[in-house]
1. Tally up the residues in region A:90-107 that are in a helix (DSSP H, G or I) and closer than 24 Å to A:ALA135 by Cβ, please.
2. Regarding A:GLY34, is this residue at positive phi, more than 14 Å from chain B (Cβ to nearest Cβ) and within 16 Å of DNA strand C (Cβ to nearest atom)?
3. Taking into account only those residues within region A:35-89 that are open to solvent by less than 70 Å² (accessible area, probe 1.4 Å) and not in a helix (DSSP H, G or I), which is farthest from A:MET1 (Cα to Cα)?
4. Within region A:124-136, is there a residue that is part of a helix (DSSP H, G or I), acidic (Asp, Glu), exposed (fewer than 14 other Cβ atoms within 10 Å of the Cβ) and over 16 Å from the mean Cα position of the chain (by Cα)?
5. When you scan region A:90-100, do you find a residue that is over 17 Å from the mean Cα position of the chain (by Cα) and within 11 Å of chain B (Cβ to nearest Cβ), even just one?
6. Return yes or no: is B:GLU32 part of a helix (DSSP H, G or I), in the same structural domain as B:LEU9 (by TED's automatic domain parsing) and more than 11 Å from DNA strand D (Cβ to nearest atom)?
7. Hey, any hits in region A:3-22 for a residue that's basic (Lys, Arg), in the same structural domain as A:PRO115 (by TED's automatic domain parsing), more than 13 Å from DNA strand C (Cβ to nearest atom) and assigned to a helix (DSSP H, G or I)?
8. Which residue is farthest from the chain's Cα centre (by Cα), if the candidates are limited to region B:51-84 and must be closer than 16 Å to B:GLU10 by Cβ and of a type in the set (Lys, Arg)?
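The values are calculated or read from the model by the stated rules, or taken from the named source; none is laboratory data. None of these values were measured; they are calculated from a predicted model. For neighbour counting, all protein chains shown are included, and Cβ atoms are generated from backbone atoms with ideal geometry for every residue, glycine included. Only protein heavy atoms, including side chains, enter the accessible area calculation; ligands, DNA and RNA are left aside. Shrake-Rupley method; radii C 1.70, N 1.55, O 1.52, S 1.80 Å.
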2 protein chains.
Amino acid sequence: MTPAARRVLEAAARLFYERGIHAVGVDLIAHEAGVTKKTLYDRFGSKEQIVVEYLADRDERWRAFVARRLDAAPPEPAARVLAVFDASRAWAAEHSPKGCGMVNAHAEISDPEHPAHPVITGQKRWMLALFTGLAEGVRPAGAEPLARTLMLLHEGALVAHGLDMFPDAIGHAREQAHALLAAC
Amino acid sequence: MTPAARRVLEAAARLFYERGIHAVGVDLIAHEAGVTKKTLYDRFGSKEQIVVEYLADRDERWRAFVARRLDAAPPEPAARVLAVFDASRAWAAEHSPKGCGMVNAHAEISDPEHPAHPVITGQKRWMLALFTGLAEGVRPAGAEPLARTLMLLHEGALVAHGLDMFPDAIGHAREQAHALLAAC
DNA sequence: TCCCGAGTATACCGATCTGTATAGTGTGAG
DNA sequence: CTCACACTATACAGATCGGTATACTCGGGA
């Protein structure tokens with residue numbers, strides 16, 4: 001990826017997340033990236049492609065972020081679940097003041113045939129699989145329902161954080177997850 | 001409200017929810033409502049105003065829907081909490097295949113000065129207050145944290161339902177709320 | 001009968017949208 | 001030096017955006 005393409009993607013990521021996808025035009029992206037539209041279209045071909053790469057890149061960075069946190073976490077499955085919530089809180093503090101970027105993008109992309117759709121659903125499936133794997137280490141019988149509950153707490157916390165419903169929503173979700181795991 | 005204005009609001013509500021606010025233009029709204037743009041602007045003055053009334057109307061209908069369900073629910077606070085989740089499941093089945101309209105709108109409206117902002121946050125505050133009032137009947141000491149947990153489960157379930165993460169997410173949230181209340 | 005308000009139809013405004021075309025600049029490798 | 005390539009600058013096409021203006025139809029009430 002050329003330096004200009006990198007700058008385009010960084011600018012698009014910031015603008016798409018802060019203002020929404022449909023509210024941001026390619027002229028603004030090019031201007032913020034210090035790049036002409038020509039270069040932008042030479043590198044990406046379409047706005048739709050920029051949207052897809054924005055989401056795919058964000059997804060990739062999130063997964064790497066979680067993986068790094070998980071590497072530094074204790075081996076006990078329950079502690080690793082809490083490490084995911086801690087990762088989410090840290091991530092939200094610096095990357096997600098407005099909630100989950102995938103959920104927000106999904107609000108604007110209704111067409112299931114849109115190439116960004118599998119990126120969005122893919123991240124959620126990955127998260128559910130992550131929780132399921134960890135839940136199997138906590139309570140092998142009935143790991144699936146436990147993972148789904150963790151998923152609900154996690155998604156709810158991201159929304160609550162984005163809408164600023166009450167202070168430290170993700171921390172609260174973490175404590176609830178803790179209580180839930182302790183009850184096993 | 002004149003018949004044409006009502007049709008405009010109905011068309012706008014459907015289009016805004018299904019496709020997103022910025023993706024829908026006033027020409028499309030007018031066409032779908034069987035109304036000219038002139039009539040549309042005579043009644044509402046601006047697209048922004050249509051957005052505000054769409055959200056306010058949706059909020060009002062949701063609150064009335066919950067109130068009706070709550071009227072028919074048993075007097076025990078725990079049962080009334082579950083009635084809220086049941087109401088949400090019924091509402092989602094016929095009005096919200098794509099998750100919470102307020103959350104989706106918030107993804108597109110970043111500016112806190114936007115007149116639609118208080119409508120969005122108002123509904124969430126109302127929901128939290130509703131849960132808090134019911135939680136006080138279940139566990140007077142520590143009603144606030146209990147209400148926040150119910151809120152997380154509820155919001156998470158709406159997101160999970162909208163993204164189709166797994167079947168009957170709201171029903172699962174209801175069962176988790178049930179377990180949570182039973183533990184009090 | 002007349003009038004008035006609600007609504008229709010159509011044409012238009014300036015601005016902005018995504019996307020393209022042409023011409024020119026700077027730089028590193030061979 | 002040359003050549004390829006990344007990039008800049010500017011202009012523009014075609015469509016659509018929110019919003020407005022003019023002229024018309026229709027039905028109900030005084």
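1. Matching residues across region A:90-107 total 5.
2. Taking the combined requirement at face value, the residue satisfies it.
3. Ranking the qualifying residues of region A:35-89, first place goes to A:PRO74.
4. no
5. Taking every residue of region A:90-100 in turn, none turns out to be over 17 Å from the mean Cα position of the chain (by Cα) and within 11 Å of chain B (Cβ to nearest Cβ).
6. yes
7. No.
8. So the residue we want is B:ARG61.
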